[in-house]
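Notes follow the structure.
The values are calculated or read from the model by the stated rules, or taken from the named source; none is laboratory data. All of these numbers come straight from a predicted model, not from anything done at the bench. In this analysis, Cβ positions are derived from the backbone assuming ideal geometry, glycine residues included, and neighbour counts consider all displayed protein chains. Keep in mind that these areas ignore ligands, DNA and RNA; they rest on the heavy atoms of the full protein, side chains included. Shrake-Rupley method; radii C 1.70, N 1.55, O 1.52, S 1.80 Å.
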Amino acid sequence: MDLDYQSDVLAQKIKHLMITTNGRTARDASVEEFYQAFCLALREEMMVNWTASLDTMEYTKARVLCFLSMEYLPGRFLRHTIINMGATELIRAVLKKMGRNFEDLVACEPDAGLGNGGLGRLSSCFLDSLATLQYPARGYGLRYQYGIFEQEIWNGKQVERPDCWLLNINPWETRRDALAVNVLFGGKSIPSFNKNGEEVYLLEDYEEVRALAYDSPIIGYSEKPNNSVLTLRLWSTKESPRNFQLQRYNAGFLDTAAENTSLTDVLYPNDNTELGKRVRLKQEFLLVSASILDIIRRHLRIHGDISSLGDKTRMQINDTHPSLVIAELVRILTKQYDFSWQKAWETCQECCSYTNHTVLKEGLEEWNGHRVHELLPRQFKIIQRLNLELCNQARAKFPNDEEKVRRLSILENGQIKMSHLAIFGSHKVNGVAELHTHILKTKIFKDFYDLSPEKFINVTNGVTQRRWLLDCNPLLSAFITKRIGSGWICDFTQLHKLAPFASDPESQQEFLRIKRQNKTKLLQFLKAETGIRDAAGKMIAPYPLPDENALFDLQIKRIHEYKRQLMNALYLIMVYQEGRISCPRFVIFGGKAAPGYERAKQIIRLICAISRKLRNTPEMHKQLHVLFVENYNVSRAEILIPAADLSEQISMAGQEASGTGNMKLAMNGALTIGTEDGANIEMRQAITDTWWPFRFGASAQENEKPYRALDIYAQDAQIRRAIDALKDGTFAENEKEAAVFSQMYQNLLENDTYRVLQDLRDFYNTQKTVEELFQKPSAWAETALHNMAGMGRFSVDVAIRKYAEEIWHLTPNPPDEVILNKVRSEYAEHDRCKIGGPK
């Protein structure tokens, strides 16, 4: 259909919606009002494919994946939706006709505050890929009223502000009141029996919490007009009046009166308090219970009876947070549907699979048994019985090893090990990188691997190239497409075709020009959006920025000791003390520290103190800039990543499960300085050692050997001088900072858990190699292009296909052409403003 006609039709639709939703004409509407109508017009067009996708899944009675995750970080919907719809030219024409600027509209949309870091970004990549590859699936999560927090840096200190991402109407979501469900907490469990004569549990004197469903469309990329659109269903307790306990409020118990209303207020409430622990456990069960009720309701509507649930449903437990799905599914099947215990257990294992995302002890959740018994008495009984069965299986296989049985137990010392529950109740368990899976099988879950080796599988993570290259880096995307065609958008393995261009001088120069343009864009953003705050949070000065010729060195990720931002900071202290650097360098840190994680907050404080010291040392600041970008999120990552020259992936080997920032940065033309950890290893293998010049540090195996930080401190004078700067007042400007840095000094020398000093010398030397190569632009460009060419296997599409084929056993289920045409026809009968037509 003619572009001019299509743009006229869409413009009319926007004008129509402007009047019907805002009572404003397009000429008089504010940017925010225009944004709302604009998004509604796009969503209305998407609804045709969304309806057809859902109808097709029901018509074909396809097996459906239900992805359960406490976190999603989709970023802004608008730009990504337009790209996946293939409507970029159309939107450009419409906005030109209507005299509107696209970037102004994009700025109206907040980042959805539904996650914390890598886990949430990965979950969103999964949904994008599932939709693009047209697998039948839906995501389940919680609709947090506030994101984890908005981060501000006040004179070096992290300050947490409410992330009010739902302050305005979210035009992408639909509230589904008819799909609300009731979730039960507390009460007293009463033994009863099902039709098989097996014990089940009734409940009395319970609290009832109503969960409302909100649906958002996840549209897959397609060059044809048959895009699949999947559903992300989020549960909220905020809008249900019955959740507010008025009698408690009137009795003066204001906090507990609103507890159930506030369950979905904030992602991961600080669990340093008893109330925080209660709310967090309630959040996890709310997700599980509401989602299972919804899954079963849908299954019965489509299939008629519950017996085929194990065949038609797959539930992916994304990290330990949704592990209670095991106990709740068994409970519902035995109590509500009279399954025998054995049949319910077999169905549960058929349905469920578990992805582990961490080897860190704090990431392997444990819940106090008394707390679970108090809040979830029936589920606690189920867990006790499951634990007995697990121990009996272990004793049968390892008859003379009670110690192994103890280690396998779900219940130990009054604690419930959620990862053990998830493993036992799943038919497959996967790690997210080869090294990570090896560590799970040989260390973390070795006993489970010995018990059920067939369960364990590796699926290395990937990211969606559609958001993290096509969307966020249009200049580099055009560069790739000009050379190898557009097939890489849905088949990233085609990126290997880029390798022959790495040695081409013209391609090298164009790559370097694009990188400079992306750096200029970042500098413009930083000039507008960042600055130096005083101790009261007031912006007192702009941050002095370098030019685009500097080496842009990025470490952007959650602040955690194992990710070793501290090692990078100590390296910068060494450079400062040397008083010289080989080439101008702009070091950018970004990431949030958990509110209760004091050591992570101390690291931020040190980075900011180094930045301040450099600003006050003009001769050094000409060559070395250090900036901590506050409130790092998806939208900021989309500007930072295309501008990066160097990607810092320096975690202690054996600690990072996979990493996905490493993939995003590499596919955008950054070179990696990295340890042999997580997916770094597989990236190096794919790119080859020849084009992976900045490898450093001890291996995971070497990190098992004894180590004393004091030995490094005694033997290496330059490192000793850098460490001493933490306590000699070099960087502290007040007594509080002096105390913080002195504590860091003590921690490093007495308890260097993540071996910062062990790898610091190698890191320092490797950074010299970085500078040498950066001063040879053609060689740097050639290396970067080879790195990009080797990234094909790190598309999330590769990972999702492996999940689908080896864990979920799903087949693609695109919208049926007859159903799609029928929905289009029915819609067109009632709407004469349709965009319509093929792309």
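What you get for region 1-111, charging only the Cβ of Lys and Arg (+1) and of Asp and Glu (-1), is a dipole of about 100 debye around the Cα centre. Once each part is reduced to its C-alpha centroid, what is the distance from region 1-67 to region 198-218 in angstrom? Each part's Cα centre sits 33 Å from the other's.
Taking a point 7 Å out from the Cα of THR690 in the direction of its Cβ, the residues of region 773-799 whose backbone N falls within less than 14 Å of it are 782-787, 789-790. Compute the separation of the alpha-carbon centres of region 540-599 and region 333-400 and state it in Å as a whole number. Region 540-599 and region 333-400 have Cα centres spaced 44 Å from each other. What percentage of the solvent-accessible surface of region 498-611, computed with a 1.4 Å probe over protein heavy atoms, is contributed by carbon and sulfur atoms? Carbon and sulfur atoms account for 50 percent of the accessible area of region 498-611. The residues neighbouring VAL288, those whose beta-carbon lies less than 12 Å from its own, together hold a net charge of -1 under the Lys/Arg +1, Asp/Glu -1 convention.
Each of ALA739, PHE794, ASN751 was placed along the dipole of region 691-839 (beta-carbon charges, centred on the mean Cα), and the one lying farthest toward the positive end is PHE794. The computed Cα extents along the principal axes in Å for the structure shown corresponds, within [x] 99, 72, 53; [y] 91, 88, 61; [z] 80, 76, 59, to [z]. Counting only residues at least eight positions apart within a chain, or on another chain, the aspartates and glutamates with an alpha carbon under 14 Å from that of LYS441 are ASP450, GLU454. Computed from phi, the 3J(HN,Hα) profile of region 371-384 under the Karplus parametrisation 6.51, -1.76, 1.60 (θ = phi - 60°) reads 5, 5, 4, 5, 8, 9, x, 6, 5, 4, 4, 5, 4, 4 Hz, with x in place of Gly and Pro. Summing Cβ point charges (Lys, Arg +1; Asp, Glu -1) relative to the Cα centre of the chain gives a dipole of roughly 500 debye.
Which shape class, rounded, prolate or oblate, goes with region 361-467 when its Cα gyration tensor gives a ≥ b ≥ c as root eigenvalues, a/c under 1.5 marks rounded, and past that a/b bigger than b/c marks prolate? Here region 361-467 falls in the oblate category. Accessible surface of ARG695, taken over heavy atoms with a 1.4 Å probe and every protein chain present, rounds to 110 Å². The figure for TYR201 is an accessible area of roughly 40 square angstrom, using a 1.4 Å probe on the protein chains alone.
In the context of the full protein assembly, ASP8 retains an accessible surface of approximately 70 Å², using a probe radius of 1.4 Å and ignoring ligands and nucleic acids. Once backbone amide H atoms are built at 1.01 Å from N, LYS157 has no partners under 5 Å, excluding neighbours fewer than 5 places away on the same chain. Under 16 Å from a label point set 7 Å out along the Cα-to-Cβ vector of GLU239, the amide N atoms of region 179-194 belong to 179-182. Would you mind checking LYS519/LYS768; LYS557/LYS664; LYS519/LYS664; LYS664/LYS768; LYS428/LYS802 for any pair whose Cα atoms are more than 18 angstrom apart? Checking Cα-Cα distances, LYS519/LYS768; LYS664/LYS768 exceed 18 Å. The shape of region 435-511 comes out prolate: with a ≥ b ≥ c from the C-alpha gyration tensor, a/c is at least 1.5 and a/b beats b/c. If you plug the beta carbon distance of GLU198 and SER742 into 1/(1 + (r/R0)^6) with R0 = 45 Å, you get a FRET efficiency near 0.15.
With θ taken as phi - 60° and the Karplus curve 6.51 cos²θ - 1.76 cosθ + 1.60 applied, the whole-hertz 3J(HN,Hα) list for region 670-676 is 9, 8, 9, 9, x, 7, 7 Hz, x standing for glycine and proline.
Under 5 Å between amide hydrogens, built in the peptide plane, is the criterion, and for SER228 it picks out GLY220 among residues at least 5 positions away or on other chains.
For the residue pairs LYS446/LYS592; LYS601/LYS727; LYS312/LYS381; LYS361/LYS446; LYS312/LYS822, alpha carbon separations beyond 23 Å are given by LYS446/LYS592; LYS312/LYS381; LYS312/LYS822.
Rolling a 1.4 Å probe over the protein heavy atoms of region 668-772, with every protein chain left in place, gives an accessible area that is 44 percent carbon and sulfur.
Under the simplified labelling scheme, the HIS809-CYS164 pair shows an inter-label distance of 5.1 nm, with each label point 7 Å from Cα along Cα→Cβ.
Under a 5 Å amide H cut-off, with hydrogens placed 1.01 Å from N, LEU551 pairs with ARG585, PHE586 among residues at least 5 apart or on other chains. Give me the Kirkwood hydrodynamic radius of region 11-160, using the inverse of the mean 1/r over all pairs of distinct Cα atoms, in Å to one decimal. 17.8 Å is the Kirkwood radius here. What is the distance in Å between the Cα centres of region 110-185 and region 732-788? First find each Cα centre; the distance between them is then 33 Å. Only aspartates and glutamates eight or more places from LYS277 in sequence, or on another chain, were considered; those with a Cα closer than 15 Å are ASP255, GLU259, ASP265, GLU362, GLU365, GLU366, GLU374. In this structure the chain gives 38 Å² per residue of accessible area when probed at 1.4 Å with all protein chains present. When you count the other C-beta atoms within 10 angstrom of each residue and take the mean per peptide, 225-237, 808-820, 300-312, 533-545 line up highest first as 225-237, 808-820, 300-312, 533-545.
From the Cα gyration tensor of region 570-684, with a ≥ b ≥ c the square roots of its eigenvalues, which class applies: rounded if a/c is under 1.5, or else prolate if a/b is larger than b/c, or else oblate? It is prolate, given that a/c is not under 1.5 and a/b is the larger ratio. The HN-Hα couplings worked out from phi for region 801-814 by the Karplus form 6.51 cos²θ - 1.76 cosθ + 1.60 (θ = phi - 60°) are 4, 5, 4, 5, 7, 10, 10, 8, 6, 9, 10, x, 9, x Hz, whole numbers, x standing for Gly and Pro.
Take the Cβ atoms of TYR206 and ILE302, set R0 to 41 Å, and the FRET efficiency comes out at 0.85.
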